[in-house]
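The values are calculated or read from the model by the stated rules, or taken from the named source; none is laboratory data. In this text, all values refer to a predicted model and were calculated from it rather than measured experimentally. All Cβ positions, even for glycine, are placed from backbone atoms using ideal geometry, and neighbour counts span all protein chains on display. To get the accessible areas, we keep the full protein, side chains included, count just its heavy atoms, and leave off ligands, DNA and RNA. Shrake-Rupley method; radii C 1.70, N 1.55, O 1.52, S 1.80 Å.
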Amino acid sequence: GLAAILEGQLTSRRVRLWADALDLLRGDVALGVGPGRFGALSPTAAQAPSPDGRPHSAVWQQAAEEGVVGVVLLAAAFGWVLYALWRSPRPTPVVLTAGVSLTGLAAIAAVGNALSFTAVPLGAGLLAGLATARPFAEEPVPGVPPRGVGV
(Lines give C-alpha, C1' and ligand atoms only; values in the text may rest on other atoms or scores of the structure.)
Protein backbone atom coordinates (compact mmCIF):
# COMPACT_ATOMS: atom_id res chain seq x y z
CA GLY A 1 0.00 0.00 0.00
CA LEU A 2 2.21 2.79 1.27
CA ALA A 3 5.33 1.39 -0.43
CA ALA A 4 3.56 1.36 -3.79
CA ILE A 5 2.48 4.98 -3.37
CA LEU A 6 6.00 6.02 -2.40
CA GLU A 7 7.56 4.13 -5.31
CA GLY A 8 5.40 6.21 -7.64
CA GLN A 9 6.96 9.39 -6.23
CA LEU A 10 10.42 8.11 -5.35
CA THR A 11 12.72 5.39 -6.66
CA SER A 12 12.16 1.80 -5.59
CA ARG A 13 15.74 1.70 -4.29
CA ARG A 14 15.05 4.59 -1.93
CA VAL A 15 11.87 2.91 -0.65
CA ARG A 16 13.86 -0.30 -0.02
CA LEU A 17 16.52 1.73 1.84
CA TRP A 18 13.80 3.24 4.04
CA ALA A 19 12.37 -0.25 4.65
CA ASP A 20 15.84 -1.43 5.68
CA ALA A 21 16.09 1.51 8.07
CA LEU A 22 12.73 0.57 9.57
CA ASP A 23 13.87 -3.06 9.97
CA LEU A 24 17.08 -1.93 11.69
CA LEU A 25 15.05 0.35 13.96
CA ARG A 26 12.84 -2.57 14.96
CA GLY A 27 15.98 -4.39 16.13
CA ASP A 28 16.70 -1.76 18.80
CA VAL A 29 14.04 0.93 19.01
CA ALA A 30 15.65 2.93 21.80
CA LEU A 31 19.29 3.20 20.70
CA GLY A 32 19.45 1.91 17.11
CA VAL A 33 22.29 -0.10 15.61
CA GLY A 34 25.00 2.46 16.21
CA PRO A 35 26.33 5.52 14.40
CA GLY A 36 27.59 4.87 10.88
CA ARG A 37 26.48 1.22 10.75
CA PHE A 38 23.53 1.57 8.36
CA GLY A 39 25.65 0.92 5.27
CA ALA A 40 27.11 -2.26 6.74
CA LEU A 41 23.79 -3.69 7.93
CA SER A 42 21.44 -2.69 5.09
CA PRO A 43 21.14 -5.34 2.35
CA THR A 44 19.92 -2.75 -0.17
CA ALA A 45 22.84 -0.41 0.55
CA ALA A 46 25.32 -3.29 0.18
CA GLN A 47 23.91 -4.26 -3.25
CA ALA A 48 24.22 -0.75 -4.71
CA PRO A 49 26.79 -0.28 -7.49
CA SER A 50 28.29 2.68 -5.63
CA PRO A 51 27.21 2.27 -2.01
CA ASP A 52 27.15 5.42 0.06
CA GLY A 53 25.84 3.73 3.21
CA ARG A 54 22.96 6.15 3.68
CA PRO A 55 19.18 5.67 3.50
CA HIS A 56 18.73 9.05 1.74
CA SER A 57 16.69 10.46 4.60
CA ALA A 58 18.13 12.19 7.66
CA VAL A 59 15.24 11.05 9.83
CA TRP A 60 15.43 7.38 8.77
CA GLN A 61 19.22 7.37 9.11
CA GLN A 62 19.00 8.87 12.57
CA ALA A 63 16.28 6.41 13.56
CA ALA A 64 18.15 3.35 12.28
CA GLU A 65 21.54 4.32 13.69
CA GLU A 66 20.60 6.05 16.94
CA GLY A 67 17.02 4.96 17.60
CA VAL A 68 14.14 6.99 18.93
CA VAL A 69 16.52 8.80 21.28
CA GLY A 70 18.47 10.11 18.28
CA VAL A 71 15.32 11.23 16.46
CA VAL A 72 14.09 13.06 19.56
CA LEU A 73 17.48 14.80 19.90
CA LEU A 74 17.45 15.73 16.19
CA ALA A 75 13.96 17.23 16.56
CA ALA A 76 15.02 19.03 19.75
CA ALA A 77 18.03 20.56 17.97
CA PHE A 78 15.81 21.80 15.15
CA GLY A 79 13.28 23.15 17.65
CA TRP A 80 16.08 24.89 19.58
CA VAL A 81 17.28 26.62 16.40
CA LEU A 82 13.75 27.82 15.66
CA TYR A 83 13.42 29.04 19.25
CA ALA A 84 16.77 30.88 18.97
CA LEU A 85 15.56 32.49 15.75
CA TRP A 86 12.34 33.56 17.47
CA ARG A 87 14.36 35.23 20.26
CA SER A 88 16.99 36.67 17.88
CA PRO A 89 17.88 40.38 18.09
CA ARG A 90 18.25 40.50 14.30
CA PRO A 91 15.71 42.26 12.07
CA THR A 92 12.56 40.30 11.23
CA PRO A 93 13.35 39.77 7.51
CA VAL A 94 16.71 38.18 8.38
CA VAL A 95 15.15 35.86 10.95
CA LEU A 96 12.24 34.86 8.70
CA THR A 97 14.54 34.17 5.76
CA ALA A 98 16.77 31.99 7.91
CA GLY A 99 13.79 30.17 9.43
CA VAL A 100 12.20 29.44 6.06
CA SER A 101 15.53 28.34 4.58
CA LEU A 102 16.33 26.00 7.46
CA THR A 103 12.81 24.56 7.48
CA GLY A 104 13.07 23.96 3.72
CA LEU A 105 16.42 22.23 4.23
CA ALA A 106 14.87 20.04 6.95
CA ALA A 107 12.07 19.05 4.58
CA ILE A 108 14.53 18.19 1.80
CA ALA A 109 16.73 16.25 4.23
CA ALA A 110 13.72 14.20 5.36
CA VAL A 111 13.34 12.71 1.87
CA GLY A 112 16.82 13.08 0.41
CA ASN A 113 20.49 12.99 1.24
CA ALA A 114 21.08 16.75 1.32
CA LEU A 115 22.94 16.58 4.64
CA SER A 116 25.43 14.07 3.21
CA PHE A 117 27.39 16.86 1.57
CA THR A 118 29.66 18.72 3.99
CA ALA A 119 28.91 22.16 2.59
CA VAL A 120 25.18 21.88 3.29
CA PRO A 121 25.24 21.45 7.10
CA LEU A 122 28.15 23.90 7.23
CA GLY A 123 26.09 26.51 5.37
CA ALA A 124 23.04 25.79 7.50
CA GLY A 125 25.05 26.28 10.67
CA LEU A 126 26.53 29.51 9.33
CA LEU A 127 23.09 30.79 8.38
CA ALA A 128 21.65 29.90 11.79
CA GLY A 129 24.62 31.49 13.52
CA LEU A 130 24.44 34.73 11.58
CA ALA A 131 20.68 34.99 12.03
CA THR A 132 20.80 34.43 15.79
CA ALA A 133 23.96 36.37 16.66
CA ARG A 134 23.87 39.73 18.32
CA PRO A 135 24.77 42.59 15.99
CA PHE A 136 28.45 43.60 15.94
CA ALA A 137 27.68 47.28 16.51
CA GLU A 138 24.77 48.87 18.19
CA GLU A 139 22.10 49.50 15.58
CA PRO A 140 20.39 52.90 15.78
CA VAL A 141 16.88 52.90 17.20
CA PRO A 142 14.54 55.36 15.49
CA GLY A 143 13.79 58.39 17.67
CA VAL A 144 16.57 57.64 20.18
CA PRO A 145 19.88 59.54 19.82
CA PRO A 146 23.04 57.35 19.78
CA ARG A 147 25.15 57.21 22.94
CA GLY A 148 27.47 60.13 23.50
CA VAL A 149 25.54 62.47 21.23
CA GLY A 150 24.31 65.61 23.00
CA VAL A 151 22.19 65.75 26.09
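Quick notes
- Across the stretch 117-125, computed HN-Hα scalar couplings (Karplus, 6.51 cos²θ - 1.76 cosθ + 1.60, θ = phi - 60°) run 9, 3, 5, 5, x, 5, x, 5, x Hz from first to last residue, x flagging Gly and Pro.
- The convex hull around the C-alpha trace of the stretch 15-67, projected and averaged over every direction, spans 2.9 square nanometres.
- Counting only protein heavy atoms and a 1.4 Å probe, the stretch 91-131 has 57 square angstrom of accessible area per residue.
- Table column - 3J(HN,Hα) (Hz), the stretch 100-109, Karplus curve with 6.51, -1.76, 1.60, x for Gly and Pro: 5, 5, 5, 5, x, 4, 4, 5, 5, 5
- Selection from 46, 117, 18 lying farthest towards where the dipole of the chain points positive, charges on Cβ: 117
- Carbon + sulfur, % of accessible area of the chain - ligands and nucleic acids excluded, 1.4 Å: 68
- When you count the other C-beta atoms within 10 angstrom of each residue and take the mean per peptide, 68-74, 121-127 line up highest first as 68-74, 121-127.
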